[in-house]
Amino acid sequence: MKRTLTIFICFCAISTFLWGMSSRADFERYWPQWRGPQASGVAPHGDPPIEWNENKNVRWKTEIPGQGHATPIVWGDTVFVTSAIKTDKQVELEPIEVPQRRRGRRGRSAAPSSTYKFVIFAINRSDGSVHWQQTAREEVPHEGTHQTGSWAANSPVTDGEHVYAYFGSRGLYCYDMQGNLQWERDLGDMIIKRSFGEGSSPVLYGDVIVLNWDHEGDSFIIALDKRTGEELWKVARDESTSWSTPLVVEDNGTPQVVVNATYRTRSYDLATGKTLWECGGMTANAIPSPVTANGIVYVTSGFRGNALQAIRLADTTGDITGATAVIWEYDRDTPYVPSPLLYGDILYFLKHNRGILSAFNASTGEAYYGPERLEGISDVYASPVGAGGRIYIADRDGVTLVIKHGSTFEVLAENVLNDGFNASPAIVDREIYLRGSKSLYCIASD
């Protein structure tokens with residue numbers, strides 16, 4: 001077994017190197033995963049418009065049936081987006097037993113009685129037409145979601161050869177770029193705190209897909225072979241429900257998986273699943289994904305408290321709670337749902353789910369500005385994104401503010417569309433893609 005695992009790890013290292021040589025430029029150009037090519041929210045080569053409305057700089061607008069809060073991903077000439085589409089089929093439900101020790105005080109959301117189709121769409125970037133669509137599964141979700149949530153909140157990921165559509169308890173599906181199913185994997189059913197719905201997205205590194213499975217049952221993190229869906233390793237986690245997407249980061253050439261969660265931020269060796277370090281200090285209901293640059297990882301949370309930690313990877317080993325590896329911390333105005341944006345050496349983050357922005361020097365923890373109220377923006381679930389020296393923040397009422405990137409606060413534009421945005425934007429080249437509650441927009445100045 002050890003010899004087999006060693007051979008696999010060596011194969012992954014070689015294939016990762018070759019993949020990096022051939023595809024790194026494409027990976028950096030497109031938006032292949034949740035939070036973009038660098039998992040930071042930044043499109044390094046993007047330069048989308050500053051201004052738009054329903055009659056200006058909308059290249060196309062395509063209605064997407066159903067509901068989905070997953071960010072669109074982009075590769076080549078295709079945008080991939082997922083949705084949960086309600087059908088007319090009804091069923092009679094049976095009650096679900098919830099572990100006593102983890103029942104919410106205010107009860108659980110009602111489970112649906114309708115059958116849903118869980119669908120991935122491949123949409124042409126040029127004109128918004130649907131190139132293909134596939135129904136991954138058709139079933140009644142076993143539990144409800146938050147009233148503002150969706151059963152298609154997990155973002156897909158692609159390596160340019162395959163696209164991996166993830167619907168949480170409905171499974172992980174690997175398609176080729178023409179929409180042909182290659183394999184599927186069902187990990188069971190999550191029991192989410194108060195039936196608030198699922199949200200963690202898969203992360204892809206080399207030939208390995210990592211999924212975090214924190215819920216009110218037996219939590220775990222698992223690594224799968226992207227070519228087959230076979231399990232490489234699986235590690236139990238002492239965590240309740242969390243929604244954060246893992247982050248893969250290299251330290252001294254060794255990739256590790258960092259997971260933000262309520263009880264502990266933990267890091268795992270990508271090759272073996274061994275725990276490398278852990279740190280306490282986050283709040284309940286951890287949702288924002290970590291970001292990283294220059295050997296520092298930033299983790300945040302903001303439900304019933306506020307927490308931001310900057311962790312230097314070179315100093316991490318074992319339990320680093322209160323140790324010098326945490327080079328700076330902040331305990332106010334941190335996000336609940338939106339993930340932070342790390343753009344150059346500036347860390348941007350919103351307060352809770354509100355239109356209140358702060359900008360910090362990522363290296364030192366010095367506050368540049370904030371909390372700065374964003375006029376015109378109110379309820380924000382989408383994570384901010386950056387490109388072309390600008391920050392884009394979209395809210396649930398259809399407003400997107402464009403902020404100048406830098407140490408001083410300046411609003412460049414306020415843009416309004418006839419939709420509302422829970423999904424985070426994606427930016428590629430001179431285009432920004434906005435997934436609304438009704439339509440997918442391609443914003444571009446031709």
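Points to keep in mind about this one:
- Every residue from region 218-241 that is free of Cβ contacts under 8 Å to residues at least 60 places away in the same chain and of a type in the set (G, A, S): S219, A223, G229, A236
- Of residues in region 102-134 being aliphatic (A, V, I, L, M) and at pLDDT 95 or above, the one nearest to Y441 (Cα to Cα): I123
- Test: residue in region 421-432 that is in contact with a Phe, Trp or Tyr (Cβ under 6 Å, 6 or more places away or on another chain), assigned to a loop (DSSP other than H, G, I, E, B) and surrounded by fewer than 23 Cβ atoms within 10 Å (Cβ to Cβ): no
- Near pairs, Cβ below 6 angstrom, 6+ apart or cross-chain, from region 119-143 (more than 16 Å from I73 (Cβ to Cβ)) to any residue that is in a strand (DSSP E or B) and among the basic types (K, R): T135/K117; E138/K117
- Within region 42-59, residues that are closer than 14 Å to E431 by Cβ reach partners that are among the basic types (K, R) with beta carbons closer than 7 Å, at six or more positions or on different chains, in the pairs H45/R29; D47/R430; P48/R430; I50/R390.
- Looking across region 111-143 at every residue that is within 22 Å of the chain's Cα centre (by Cα) and aromatic (F, W, Y), the one that is farthest from I432 (Cα to Cα) is identified as F118.
- Considering V402, V380, the condition of being over 25 Å from W243 (Cα atoms) and crowded, with 19+ Cβ neighbours inside 10 Å is satisfied by V402 alone.
- Only listed residue being under 15 Å from the mean Cα position of the chain (by Cα) and buried (at least 17 other Cβ atoms within 10 Å of the Cβ), chosen from Y268, Y336, Y343, Y330: Y336
- Residue in region 376-397 that is of a type in the set (D, E), over 21 Å from the mean Cα position of the chain (by Cα) and not in a loop (DSSP other than H, G, I, E, B) present: no
- Screening region 365-407 for residues that are in contact with a strand residue (DSSP E or B) (Cβ under 8 Å, 6 or more places away or on another chain) and of a type in the set (S, T, Y) and picking the one that is nearest to W52 (Cα to Cα) gives T400.
- Among the conditions (1) under 22 Å from A310 (Cβ atoms); (2) modelled with pLDDT of 95 or more, the only one that N252 does not satisfy is (2).
- Considered as a group, the residues in region 78-101 that are of a type in the set (K, R) and over 27 Å from the mean Cα position of the chain (by Cα) include one that is modelled with the highest pLDDT, and that residue is K89.
- Which numbered condition E216 fails, given (1) part of a loop (DSSP other than H, G, I, E, B); (2) over 22 Å from V140 (Cβ atoms); (3) touching a Lys or Arg at 6+ places or on another chain (Cβ under 7 Å); (4) not hydroxyl-bearing (S, T, Y): (2)
Let's see how each residue does on (1) surrounded by fewer than 19 Cβ atoms within 10 Å (Cβ to Cβ); (2) in contact with a helix residue (DSSP H, G or I) (Cβ under 7 Å, 6 or more places away or on another chain); (3) small (G, A, S); (4) under 22 Å from W34 (Cα atoms):
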residue	(1), (2), (3), (4)
P202	no, no, no, yes
K226	no, no, no, yes
S242	no, no, yes, yes
E250	yes, no, no, yes
G253	yes, no, yes, no
V257	no, no, no, yes
T275	yes, no, no, no
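- Every test in (1) surrounded by fewer than 23 Cβ atoms within 10 Å (Cβ to Cβ); (2) at pLDDT 95 or above; (3) among the hydrophobic types (A, V, I, L, M, F, W, C) is passed by F196 save one, and that test is (2).
- Residues in region 401-446 that are touching a residue at least 40 places away in the same chain (Cβ under 8 Å) and among the β-branched types (V, I, T): V402, I403, T408, V416, I427, V428, I432, I443.
- Yes/no for T316 being out of contact with any Lys or Arg (no Cβ under 8 Å at 6 or more places or on another chain), among the polar types (S, T, N, Q) and surrounded by fewer than 24 Cβ atoms within 10 Å (Cβ to Cβ): yes
- Region 62-76, residues that are over 17 Å from the mean Cα position of the chain (by Cα) and in a loop (DSSP other than H, G, I, E, B): I64, P65, G66, G76
The values are calculated or read from the model by the stated rules, or taken from the named source; none is laboratory data. Remember, it's a predicted structure, so these values are computed and weren't measured experimentally. With ideal geometry, Cβ positions are generated from the backbone for all residues, glycine too; neighbour counts draw on all protein chains shown.
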